[in-house]
Structure formats: structure tokens, C-alpha cells
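Values quoted throughout were computed directly from the atomic coordinates according to the rules given, and no laboratory measurement underlies them. Just so it is clear, the model here is predicted, and its values are computed rather than measured. Here the Cβ positions follow ideal geometry from the backbone for every residue, glycine too, while neighbour counts run over all protein chains shown.
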Amino acid sequence: FNSDNPRKTISILRRRKTGKLDTAEGLGMPFAADRMELIKYLHDKDDNLNPILREIFADGFDFYGVKENHPNELININHYSEYESIL
């Protein structure tokens, strides 16, 4: 993506839409962002990542949904049996 402000841009594996996102809802993992910018939000936080991403979005960061290369990339693995299903 050609962002006007790469330091305040997060590229994230899409869950729904691709391209520039208009909300921080329903975001997935993994994502790429400027490490120093993220550290500002993670310091002294013991929280789920979703509220932190919503705060970052509210502060004017651009979020871009990136299309997966393979459908298996979108599988949410929480249990070993889910992992086995893609082997």
C-alpha cells in the first residue's frame, strides 16, 4: 500500500474487507505496523488487542485489510483439533 503516513499505518490480514478500512471492528491477526508507534499504546496495558486497535484507529491511524494468499490463512485456530484440520 502507498500510505501518505506509513508510521501511522497498520496493514492487517483481512477478515472481511480489503483495502483501506473505515472501522477497527472485526480485525484479525497478523498485522504489520511501525514498532515504535505501537509501543506507545502497549506500554502498561494488560488488555485484549481489539480495544487497543480501536484506540489506535480513533487516533487517526490508517488501517488496510490485506487479502490472504490461501483460504487456510483465515482459519481461526484456538484448539489443537482446529490445527489438525488444516494439516
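Full extension of the segment from I86 to K40, taken as 0.36 nm per residue of separation minus the current Cα-Cα distance, would add 13.0 nm.
Computed over the chain, the percent of Cα pairs more than 20 Å apart is 39. Between E25 and D4, the simple label model (points 7 Å from Cα in the Cβ direction) yields a spacing of 2.6 nm.
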